[in-house]
1. Could you work out how much longer the chain between residue 49 and residue 396 gets when fully extended? Use 0.36 nm per residue separation minus the Cα distance between them, nm to one decimal.
2. Can you tally the net charge around residue 321? Count Lys and Arg as +1, Asp and Glu as -1, for every other residue whose Cβ sits under 14 Å from the Cβ of residue 321.
3. Sum up the lysine pairs in region 263-331 that clear both bars: alpha-carbon distance under 15 Å and a spacing of 8 or more or different chains.
4. List the GluC sites (Glu not before Pro) within region 23-68 that fall in a DSSP loop (any state other than H, G, I, E or B) and whose Cβ has at most 14 other Cβ atoms within 10 Å.
5. Between residue 122 and residue 196, what FRET efficiency follows from the Cβ-Cβ distance if R0 is 25 Å, with the result rounded to 0.05?
6. Can you work out ³J(HN,Hα) from phi for every residue in region 202-219, in order, using Karplus 6.51 cos²θ - 1.76 cosθ + 1.60 and θ = phi - 60°, giving whole Hz and x for Gly and Pro?
7. For residue 30 and residue 270, what is the calculated FRET efficiency with R₀ set at 60 Å and r taken between the beta-carbons, to the nearest 0.05?
8. May I ask you to derive the FRET efficiency for residue 283 and residue 360 from their Cβ-Cβ distance with R0 = 41 Å, giving the value to the nearest 0.05?
Amino acid sequence: MENKNVPSSVTPTFAMLVRRIFSLKAETDYGGTLEQVRNDVEFNSGNIWALVFAIFIASVGLNVNSTAVIIGAMLISPLMGPIVGAGFALATNDFPLLRRSLRNLLLATVVALVTSTLYFLVSPLEDAQSELLSRTHPTLYDVLIALFGGGAGAVAISRKTGKGNVMPGVAIATALMPPLCTAGFGIAQGNWDFLIGAFHLYLINALFICLATLLFIRAMGFARIRIRDSRHVTRTRVIIVLVTLGIALPSAHTAWIVVRETRFQQKARHFIADNFDFPDRVVLNVTTEYAQKASKIRVTLLGDSLPEVDRQALEKRLADYGLQGTQIEIKQPSTSQSSVDQLMQKIREGVLEDLYARTEKALSEREERILSLEKELAQLRATQVSLRAVAHELTALYPALVFLGIGQEVKANNADATSTVVFAAWKRLPSANEQTKLHAFLVQRLGIAEIRLVNTVER
């Protein structure tokens, strides 16, 4: 017999399962979360030094444009503690905790700015890489990332289990370290645009992580401290709203500009693809320049000159692609036969001039080498005359000496350099002490600083 009550019994069970899965209060650790937040807010010497090292690592990563190094620095940084603590304090009306959180966050921010500024002052790399540039123009999307990241962090920190799986990802996604390091780069380089843009991004991340924490802690029903002075609470809320608007509105404006520029580039690409397919011309290059009132599209064409009628037709079609007010500039390098002949003539002249210059240099070097060899030959002849007189003297001192000759040898490490060699033939070899004295005697008598003495026995 069919049981008609089965569907009605399944539906409540599924609904209960969904509620249990998505309920924020089911696995919230109220006492443990409060204790952990208060511990993470406090900064001791270990946290400060961890922050200093993390700032150095992030600065090096930004300097050499290494994403992996920057991510590692984010995982080390202890900056999330005071920010989450401030959000928790606002949610529970714990103003002493709020003061401690803001004080420690200010201390950490100053330490980070000083550390990164010192690094970039001594770093030999002064060029702004893409990792640095990407932290100077915050947009509304950075606000969303900070909100979602702060929400994930608030939920993760309040769980009874699995806290360590989410927090590293939150630290990477919200990216508190790189903007601070970029601000330090701006201070070190005297670039106020970098400083303002990067510090604005840091404030966005910190503020909206804090606000996301506030919202989710309230949603999870953490107990609030009762404040008798309701005006104090109202004043705090007004300050939060004003600060939020002051930081978020410029980001929204920047995001809107980014969206409009992206749309303009997409429309420009479609316009070029649809209207610049010519059988006898080739598009060499396309550049776009976005401006709120007068954007530009620059196209470089290779081929026959485009008639003025076709140019005007292209300008009229811009409106069909939503590109009203956009200027189109078409550049066409001249490809006429006379221009080609002139170009070839310039190439020939350049080749001939280069060949002439190379020949002149080779001849000049050869003449210098000949003069140098002639000078060495004259010196060698003079030395040989002196050597004959020296040989007579040495024969009287060393009866075993049979022959004394002189020559030049090319050095192994430099083909253009030579050294003097004296050959001595003996009936029997002199002792090492006698060879040393003979070498010193030859250096003194011949007036040559470097002499290599070669002693042989005559057979």
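1. So the extension gain works out to 116.7 nm.
2. Values: positive: 263, 267, 269, 316, 317; negative: 274, 315, 320.
Every neighbour counted, the sum reads +2.
3. Value for region 263-331: 4.
4. Within region 23-68, the qualifying GluC sites (Glu not before Pro) (loop, at most 14 other Cβ atoms within 10 Å) are 27, 42.
5. That pair, residue 122 with residue 196, gives E of 0.60.
6. Working through the residues one at a time gives 4, 5, 4, 4, 5, 5, 7, 5, 4, 5, 5, 4, 4, 5, 6, 5, 5, 5 Hz.
7. Once rounded, the FRET efficiency stands at 0.60.
8. The formula returns an efficiency of 0.40 here.
Every number here is computed from the coordinates shown, using simple stated rules; none is lab data. From a predicted model like this one, the values you see are computed outputs, not experimental measurements. Glycine gets a Cβ as well: all are built from the backbone with ideal geometry, and neighbour counts include every protein chain shown.
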